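Peer 1: Please find one structure pasted underneath; my questions will follow.
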Amino acid sequence: MTQGKYLLEMREISKSFYHNSVLDRINLRVKSGEIHGLLGKNGAGKTTLANILYGAVAKDSGEILLNGRPVEVNTVGKARSLGIIKIHQELNIFPKLTVAENIFVNAYHGRRLVRCGLIHREAAIEEALKLFAQLHFPLDPREKVENLGVAQQQMVAIARALAANPKILILDEPTAALSEQETEYFLRMLKKIQQTGVTMLFISHRLRELKLIADRVTVIRDGRDVATIPTHALEEERVIKLMVGLETKNRYPNLALPAKKELLRLERLSVGNILRAISFTLHESEILGIAGLAGSGRTTLMKTLFGLLKPTSGRILLRGREIRPKTVRQAIKLGFAYVMEDRLADGLFNNRSVMENISSTNLERITKGKLIDGELEKKIAWGLIRRLHINVRALEQKIQTLSGGNQQKCILAKWLFGDGLVYLLDEPTAGLDMASKVDIYNILNSLICRGAGVIMISSDLSELIGMCHRILVMHNGAITGELRGDEATEEKIIKLASR
Amino acid sequence: MFAAARQERIKELLLKHKQFDVASLAAMLGVTEVTIRRDLDKLEKEGFIIKTHGGAILKEDLPQPNLAERVPPEVIELGTAAALLVNNNEAIFLGGGLTCQQVAANLQTKQRLTVMTNDLQVALELNNALGVFCSVTGGNRLQGSGILVGDLALRAIEEVHFHKAILSVSGISFTSGYTANTVEEATFYRQLLTRCEELIIVADYRKFDKTGFSRIADLKAAQKVVTNKEVGDDYKEYYFRNNIKLYTPYEVEEIIEPDQTDQQQGGDGDDAGQISS
């Protein structure tokens, strides 16, 4: 390729977290002055790639070239000095400060605006007005940011980035929180910014908006670039195929066990406005999937069943008997097991040993008199480690030193140690490498083989379709549809989840 | 689920140590004492042990089975797991060898199932299965086993069609695929693959990274693979990437029925969220 043709080139970039390969020799070429779309499903590696470019994540291998010259972007500071600025999914703005103060809050590009450690208010407002005139932003620099709408706050964040005179602006899902109207408005603004000569990398999983805004789009899947297409040649069907890849539901080791008795029934269960009249049944030996966007009430549902939240109305029946788990302890006694979404935040005692984590759910079983029987605790912990094939050197090893897959197995081990009847799993395979995923699926199979029921939340739709016997789709706290595993498709679920 | 495998393990321990107490067995196998007691009940009924207070001792006068001939636990669990993939009303082919015999042993309760096999031992296993219609290929018997191969075996599958073929193999590796120990077996199984809709490979983890004498097929030829959880991560990843279902059984405790736990639950005065009806 000719030198200077591309402003930015990322060549053969690879990145693994633990053994989980997130980026696999991915390539990205961005022309000067273009808005370059980066399109892919959740978990395809878009954000990791952007973070590497932004210096927030270190790459394992590959190289980055700016104007044809290799650069080392190993810190955020380095990226900024090279003119690479990223606007985060979370905006990092200060609601109590004015628009102008927010824009010039970073001393490095507003040094002349700072006097005695304070932002010089009038000078900042003047600068902001100049910037807004240039960008045609209809914003009042004196306004407090908390009084602005989301789209306007977004613009504040962008104005702040532009005040630093960036060469490349990275926008990571900037429209995620915007309404349709706001999005349209926001995209028009970006087009105007583009005319000032800024090159943009626009990350999105929405094809429609990329068609409106981008000049070219790179589609990535499973950490690899699969195609770079000029926007005028974007065909929806083809792009979706590129994003989704081959039909993958055949790789999930699902088990169809004969129909069994009802295990759990929910009758019009509500929690305030968050969960509205949820009714469904779960059978023995069944895996029930729950799909829905973040905020759809999926996690609230799990928490309510586990006694963490109190229902305001409705009934829960376990094997035909009404139950009202008021505390976690009661829920566990009734046979509920809960594997939370963020295992490091909730599920594990991070700086405790593997053994302490495993035995924490059922101390009664290893207690003799008033003391924990250390020998018995050890024996049982090793038994579980062997049975789940967890890669552990010693029981005293701190849990945080294990890989994600092994940590997740420890959590499952701790629930196998108890006597679970209904397993509530929130994103059980998120962030795990493939081999660990396969392990988790097979552990689920073993649970249903012994008659337990599993309710599984997952954002990985192919996993839900591949593993679950039925899938409930939630939206705004209510169930909007139910699909059998063999009739479900990603398209059908997405429709039900976003209507 | 894998009570059978656990009981085998208990037998092994007792053969070695002659006697054992319930608490130690429970701890070693990572299950509750209730589960162990149930296992011991079963082993006593089989006449293998005599239960004592808090434990069990080996029945010494019993003709002790030769350890070498007994089926290893990792193969036993594969039999249970693979049988879950077989449905009623199907026509399947079940290959030869110890692992396939274990699969056969777990097909006893299936209904209207047609099984063809090229192993006399497999056919024997299915002798008392009332819901299973069993036919044998014919052919030349491989020395030292009940496996039938050769022209007559090949002719038997000329005009049949199977929903599934369940085969065990001698070796599985990235470089040579699925392999058998003899050319005759490989030839027969290769032909069989053209007669079935789905290939299920059942092989314990020791068969991986091994190569037999004669090649049957590429790794991608199978739609499902049943093995032990100890198999290497590289294979787990490979099969997942290539849209092949990999089943590895895990041993988890059986659920204790609620009537048995009612007493324990009421024990500490906590109503456990239960509402009496």
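Peer 1: Take the Cβ-Cβ distance between B:LYS18 and B:ASP218 as r, set R0 to 56 Å, and report the resulting FRET efficiency rounded to the nearest 0.05.
Peer 2: My answer for the efficiency is 0.70.
Peer 1: Before rounding to the nearest 500, sum -39500 (n - 2.57) across all DSSP H runs of length at least 4 in the protein assembly as shown and divide by the residue total; then give [θ] at 222 nm in deg cm²/dmol.
Peer 2: Details: 26 runs with 257 residues, N = 776.
The helix-only estimate for the protein assembly as shown comes to -9500 deg cm²/dmol at 222 nm.
Peer 1: If you look at just the Cα atoms of segment A:249-498, how large are its Rg and its Dmax in Å?
Peer 2: Just the Cα atoms of segment A:249-498 yield Rg and Dmax of 17.9, 57 Å.
Peer 1: I need the Kirkwood Rh of the protein assembly as shown: take the reciprocal of the average 1/r across all distinct C-alpha pairs and report it in angstrom. Please list the in-between numbers first.
Peer 2: Numbers: mean 1/r = 0.0336 Å⁻¹.
After inverting the mean inverse Cα-Cα distance, the result is 29.8 Å.
Peer 1: Could you grab the relative contact order for chain A? Cα pairs under 8 Å, six or more apart, rounded to a whole percent. Let's see the in-between values first.
Peer 2: Values: 948 pairs, mean separation 75.4, N = 499.
In percent, rounded to a whole number, it is 15.
Peer 1: Right, next: Among DSSP bridges having both ends in chain A, what percentage is antiparallel? Round to the nearest 5. Show your work: numbers first, answer last.
Peer 2: Numbers: 48 of 83 bridges.
Here the share of antiparallel DSSP bridges comes out near 60 percent.
Peer 1: With labels modelled as points extended 7 Å from the Cα through the Cβ direction, what inter-label distance (nm, one decimal) is found for A:LEU212 paired with B:ARG112?
Peer 2: 5.6
Peer 1: Restrict the search to segment A:6-110; then list the GluC sites (Glu not before Pro) that DSSP places in a loop and that have at most 13 other Cβ atoms within 10 Å of their Cβ. Show your work: numbers first, answer last.
Peer 2: Values: sites: A:GLU9, A:GLU12, A:GLU34, A:GLU63, A:GLU72, A:GLU90, A:GLU101; in loops: A:GLU34, A:GLU72, A:GLU90.
Hits after loop and neighbour filter: A:GLU72, A:GLU90.
Peer 1: Please provide three numbers in whole Å: the alpha-carbon extents of chain B along the principal axes, with the largest listed first.
Peer 2: Projected onto the principal axes, the Cα atoms of chain B cover 69, 49, 38 Å.
Peer 1: Binning at 5 angstrom from zero up to the longest distance, how are the C-alpha pair distances of segment B:1-118 distributed in percent?
Peer 2: 2, 10, 20, 18, 16, 13, 10, 7, 4, 0
Peer 1: While we're here: Provide, for q = 0.08, 0.10 Å⁻¹, the log10 of I(q)/I(0) from a solvent-free Debye sum over equal Cα point scatterers in segment A:6-244.
Peer 2: Those come out to -0.30, -0.47, one per q.
Peer 1: Taking square-rooted eigenvalues a ≥ b ≥ c of the alpha carbon gyration tensor, is segment B:3-60 rounded, prolate or oblate, where a/c under 1.5 means rounded and, failing that, a/b exceeding b/c means prolate?
Peer 2: Details: a/c = 1.32, a/b = 1.27, b/c = 1.04.
Rounded, because the longest to shortest axis ratio a/c is under 1.5.
Peer 1: Label A:ARG315 and A:VAL57 with points 7 Å out from Cα along Cα→Cβ: what is the distance between them in nm?
Peer 2: Inter-label distance under the simple model: 4.8 nm.
Peer 1: Right, another one. Note down the nm distance, to one decimal, between modelled labels 7 Å out along Cα→Cβ at A:ALA133 and at A:ASN147.
Peer 2: Once both label points are built, they end up 2.3 nm from each other.
Peer 1: Under a cut-off of 25 Å between alpha-carbon atoms, report the lysines in cross-link reach of A:LYS96, not counting same-chain residues fewer than 8 places apart.
Peer 2: Straight-line reach from A:LYS96, under 25 Å: A:LYS86, A:LYS130, A:LYS144.
Peer 1: Subtract the Cα-Cα distance of A:ALA176 and A:ARG238 from 0.36 nm times their separation in residues, and report this length gain in nm to one decimal.
Peer 2: Details: separation 62, 0.36 × 62 = 22.32 nm, distance 2.36 nm.
Length difference between fully extended and current span is 20.0 nm.
Peer 1: At 0.36 nm per residue, minus the direct Cα-Cα distance, what do B:VAL160 and B:ASN89 gain on full extension? Give it in nm, one decimal, please. Present the calculation step by step, with values, prior to reporting the outcome.
Peer 2: Working: separation 71, 0.36 × 71 = 25.56 nm, distance 1.57 nm.
Value of the extension gain: 24.0 nm.
Peer 1: Same structure again: Quick one, could you list the DSSP H helices from chain A stretching 30 Å or more along their long axis (Cα atoms) with average Kyte-Doolittle hydropathy of 0.0 or above?
Peer 2: Values: long enough: none.
Helices meeting the criterion: none.
Readers should treat all values here as calculations from the given coordinates under stated rules, not as data from a laboratory. Keep in mind that what you see is a predicted model, and the values were worked out from it rather than measured. Counting neighbours? That spans all protein chains shown, and the Cβs are built from the backbone with ideal geometry, glycine included.
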